[in-house]
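Notes follow the structure.
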Amino acid sequence: MRRKLVVGNWKMNGSRLLNAELLAGLDGAGPWVSDVAVCAPYPYLADVALSLQGKRIAWGAQDCSSREAGAYTGDVSAAMLAEFGCKYVIVGHSERRAYHAESDQLVADKAKIALAHNLTPIVCVGETLAEREANQTDVVVKRQMSAVIHTLGHCISQVVVAYEPVWAIGTGKTATPEQAQAVHALLRTQLHAATPKSAEMQLLYGGSVKPDNAATLFSQPDIDGGLIGGASLKVADFAAICRAAG
Ligand code: PEP
C-alpha cells in the first residue's frame, strides 16, 4: 500500500514573517495521515528547518545543481541542501525547464546527485498545451521520464515523480481526474519496465490542485498525492488538501 504524499512548492514567494505564520498554522492544522512536506526558497531553509524540527512536516528545496561543488556561481549543491536537513528536492519543474532551458539530461543529472546525497528527488514531467493538442502528451512525458530512468538505472525506484501538465500550473485549469490518471498509468507502466519496485513508487499530480478537486484526483488508482503551488501558501487550503489525501 503506497502512502500518500502532499508537497507544497512555495516557488519564489514568502518572507521570514509570512513563512513563520504559515508553518505555525500548518502545525496547528495537522497531523495528517499522509506524508506532508514543503519546498522553500533556499534562503529560508535554515528557518524552515528550525520551525519544523521534530514535527511531522518534512522540508525540501525547489532545485539543486547537477555538480558536486566548485566554480558555479549562484548554484546550490545537493550536499548543502542535505546539511539543512532537506528530505526532498524538486528537479525539472516546468518553470525551470522553461525559464532556465533545463534539458531532460540535466534534470536526470540533478536527480542523480540528489540521490547521492540522500535527498529524494521529486522529478517533474509534463506536457505543454501545444503538445497536448498535438497529441504528444505520451511522447513528451515518456521522453522526460526516460532520461531519468537511463541515468539512474535501478535507483529510479527511489525518486518521487510529479506529473504536472504545464497548462494546468498556476492557471486554475486542472487536468480531469481521468486525464491525470491516464498519464500516471502510462508513467507507472514505463517505470515497471525499469524497476520491479514501480508499484511502490509515489506518483504525484500537480497543476491547480485545490481543496475542492484534491480528493477526486487523489482517489485515482495511480495518483499518490500532489505537488501543490499556489494553494500551498494558504494554511486553510493546504491543510484541506493534506486532509483530502487521507
Ligand atoms: C507547481 O508549482 O508545481 C504547481 C502545481 O502550481 P499550482 O498548484 O499553483 O498550479
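The values are calculated or read from the model by the stated rules, or taken from the named source; none is laboratory data. Please read all numbers here as calculations on a predicted model, not as lab measurements. Here the Cβ is made from the backbone with ideal geometry for all residues, glycine too, and neighbour counts use every protein chain on show.
Residue check: Ile156 meets all listed conditions (1) touching a helix residue (DSSP H, G or I) at 6+ places or on another chain (Cβ under 7 Å); (2) not in a helix (DSSP H, G or I) but one, namely (2).
Return a yes/no flag: does the range 131-145 have any residue that is in contact (Cβ under 8 Å) with a residue 60 or more places away in the chain, over 24 Å from Ser198 (Cβ atoms) and loosely packed, with under 15 Cβ neighbours inside 10 Å. Scanning the range 131-145 turns up no residue that is in contact (Cβ under 8 Å) with a residue 60 or more places away in the chain, over 24 Å from Ser198 (Cβ atoms) and loosely packed, with under 15 Cβ neighbours inside 10 Å. Between Ala49, Ala37, the distinction of being at pLDDT 95 or above, crowded, with 18+ Cβ neighbours inside 10 Å and either not in a loop (DSSP other than H, G, I, E, B) or not hydrophobic (A, V, I, L, M, F, W, C) (or both) belongs to Ala37 only. Within the range 132-153, the set of residues being polar (S, T, N, Q) and either over 17 Å from the mean Cα position of the chain (by Cα) or outside any helix (DSSP H, G or I) (or both) comprises Asn135, Gln136, Thr137, Ser146, Thr151. Being more than 14 Å from the ligand (Cβ to nearest atom) and either buried (at least 20 other Cβ atoms within 10 Å of the Cβ) or assigned to a loop (DSSP other than H, G, I, E, B) (or both) is the filter here, so list the residues in the range 219-238 that pass it. Listed by number, the residues that qualify are Ser219, Gln220, Pro221, Asp222, Asp224. Out of Ala162, Ala182, Ala168, one residue alone is within 24 Å of Ala231 (Cβ to Cβ), more than 16 Å from the ligand (Cβ to nearest atom) and out of contact with any helix residue (DSSP H, G or I) (no Cβ under 7 Å at 6 or more places or on another chain). It is Ala182. Among the residues examined, Ile57 does not qualify as over 28 Å from Leu22 (Cβ atoms) and either of a type outside the set (Asp, Glu) or surrounded by 20 or more Cβ atoms within 10 Å (Cβ to Cβ) (or both). List pairs: first residue in the range 91-108 and of a type in the set (A, V, I, L, M, F, W, C), second residue within 13 Å of the ligand (Cβ to nearest atom) and at pLDDT 95 or above anywhere in the structure, Cβ distance under 6 angstrom, at least six positions apart or on different chains. Every condition considered, the pairs that remain are Val91/Val123; Val107/Val91; Val107/Gly92.
In the set (1) at pLDDT 95 or above; (2) farther than 25 Å from Ser157 by Cα; (3) over 18 Å from the mean Cα position of the chain (by Cα), Pro196 fails one condition alone, (2).
When we screen Ala46, Ala79, Ala58 for residues that are touching a Leu at 6+ places or on another chain (Cβ under 8 Å), free of Cβ contacts under 8 Å to residues at least 60 places away in the same chain and aliphatic (A, V, I, L, M), the only hit is Ala58.
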